[in-house]
Each structure stands twice: as structure tokens, then as C-alpha cells.
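One structure below.
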Amino acid sequence: MVEGDNRGERIAKFLSRAGIASRRDAEAMIEAGRIRLNQEAVTHPAVFVKDGDVVLLDGKPVSAPERTRLWRYHKPEGLVTTHKDPEGRPTVFAHLPPDLPRVISIGRLDLTSEGLLLLTNDGALSRRLELPETGWLRRYRVRVHGGVAPEKLKRLADGMVVDGTRFGPIEAAIDSVQRANSWLSISLREGKNREIRRVMEALGLPVTRLIRVAYGPFQLGNLTRGAVEEVNGKILREQVPGLGK
């Protein structure tokens, strides 16, 4: 975990890689006085952790980060992608196998959405793969109510503004039509909060089902609903350059 000048790595990054929280959340923990390094209170994020240092969160030792791991999870509808929900709704993380280490999600799927959700024990990887600059395409199968005129979908190619929010270009095509419903294939690279639902609603096509089938090179495939499967480490390193071993 050496950063080139032998000082180690910044404590927020250490906590992120240890799967404790995102860097932003780790910085909030530091500000709240919850982090100690070698029994000294950490008061700012520009503190470095070296091999052999002891980091405490709320008085409990934080284990050194393990190797970066990634899992594919078939999220069912009816679960929220958060560790704790203020409304008391069931969460993804409460339904994961008990033998899984602490993980965080890469992106989110809302309560009524389903399909592929990537999980990792490395907060830095999560942040990296969520960034639009990473360029990973996110693909969905989407059922909408109503007939779909192809010219409506063409409007998505240049992006749209909905209620003051600018959404980037979206690729969309009609897969099939079943009575009052249409199935679409939709691809995008950014994935803002409820982006597909909001854009489709603006086109007069309310979404009745949304399934993510791919996130970058990783596919939902035949993974059964609620199942978790780890991505082979070699494949992960091939797909994420610079990740290391």
C-alpha cells in the first residue's frame, strides 16, 4: 500500500480499501472523531497509514485491506441498495450470504429495479467503476407501458433535460411488443439517480419493470435471483487495468 514516497496511503483510502466506507464517508467518520491511528485521534484526512499501524473505528480495530475482490449479485426487486434504510425497508446487504465479507455496491439499483449489482470489498474500486470517465456501458432490459414510436427513442441519443437535470446520451431500441407493453434494450454510461425511469416518464412511457443485464464487461447471465458469485481474480485484473494482484 505504499504510495511511492514510502509514507503509506492516506487514511481515507485505507478505510475505503478495507471495505469500511467510501472515501467521502470515511472523511465524514474522521470529522466525527470516530477514527484513531495508533491511539491518537485522527483529525484530518491527510494522515498516512503504514504497515504495522493500528487503525481503530469506534474503538474497534480495522483489519488491513484484503486483496480486491468483486462479486456479481442478482438483486431481486423489493430491496434497497443501502446498508441502513431510515424507512426500515429490507436492504440488499441484509440479504447477502453470511460468509461474505463486508462489501459495498458499485452503483445502485432502486427498490423496484432488479438484475446485476456488482459488489466489492474495495471502496476505491467502487468509486473508480462508478465514474462516467471509466466508460463502462450499463445495459438494461426495460418494460414500458404503451406503444413506442421509434422517433421518441431517437430523442435519447443526444441526451435530455428532465426537470432541470441533464441526462447524457442513451441508446435505446425496441425488442418486442406485448399487448399494452413494450420491451426495450437500453444502454447508458452515467446512470444518475432513477435516470431511465425519469427519462421514460418524460417520453410518456412509464417503466413497469427494469432489469440490469450488464455493467461494463460483467454480465448477469444465468445467475439466479438472489444469488452471489465471485468474479475470478484473474478476470477482474484483466478487466480493470492497474488493479494489481
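The values are calculated or read from the model by the stated rules, or taken from the named source; none is laboratory data. All figures in this text were calculated on a predicted structure; none of them were measured in a lab. Counting neighbours? That spans all protein chains shown, and the Cβs are built from the backbone with ideal geometry, glycine included.
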task: Collect the residues in the range 136-156 that are touching a residue at least 60 places away in the same chain (Cβ under 8 Å), over 28 Å from the mean Cα position of the chain (by Cα) and closer than 14 Å to Ala173 by Cβ, keeping them in residue-number order.
output: none
statement: Filtering the range 112-127 down to residues that are at pLDDT 95 or above and of a type in the set (A, V, I, L, M, F, W, C) yields Leu116, Leu117, Leu118, Leu119
- prompt: List, please: which pairs have Cβ atoms under 9 Å, are six or more places apart or on different chains, and start with a residue in the range 226-240 that is without any contact (Cβ under 8 Å) to a residue 24 or more places away in the chain and end with one that is surrounded by fewer than 12 Cβ atoms within 10 Å (Cβ to Cβ) and among the charged types (D, E, K, R)?
  reply: Arg237/Lys245
message: Give all pairs with beta carbons closer than 8 Å in which a residue from the range 189-218 that is in contact (Cβ under 8 Å) with a residue 12 or more places away in the chain and of a type in the set (Val, Ile, Thr) meets a residue that is surrounded by 19 or more Cβ atoms within 10 Å (Cβ to Cβ) and in a loop (DSSP other than H, G, I, E, B); count only pairs at least 6 apart in sequence or on separate chains.
response: Ile196/Ile170; Val199/Ile170; Ile211/Ser113; Ile211/Leu220; Val213/Leu220
query: If we only count strands (runs of 3 or more DSSP E) wholly inside the range 150-245, which ones have 2 or more residues that are among the small types (Gly, Ala, Ser)?
result: 171-178, 181-188
- request: Identify all residues within the range 102-117 that are under 11 Å from Arg212 (Cα atoms) and in contact with a strand residue (DSSP E or B) (Cβ under 6 Å, 6 or more places away or on another chain); write none if there are none.
  value: Leu109, Ser113, Glu114, Gly115, Leu116, Leu117
Lone unmet requirement of (1) among the small types (Gly, Ala, Ser); (2) at positive phi; (3) in contact with a helix residue (DSSP H, G or I) (Cβ under 9 Å, 6 or more places away or on another chain) for Gly33: (3)
- prompt: surrounded by fewer than 15 Cβ atoms within 10 Å (Cβ to Cβ), charged (D, E, K, R) and without any contact (Cβ under 8 Å) to a residue 40 or more places away in the chain, is that true of Arg102?
  reply: no
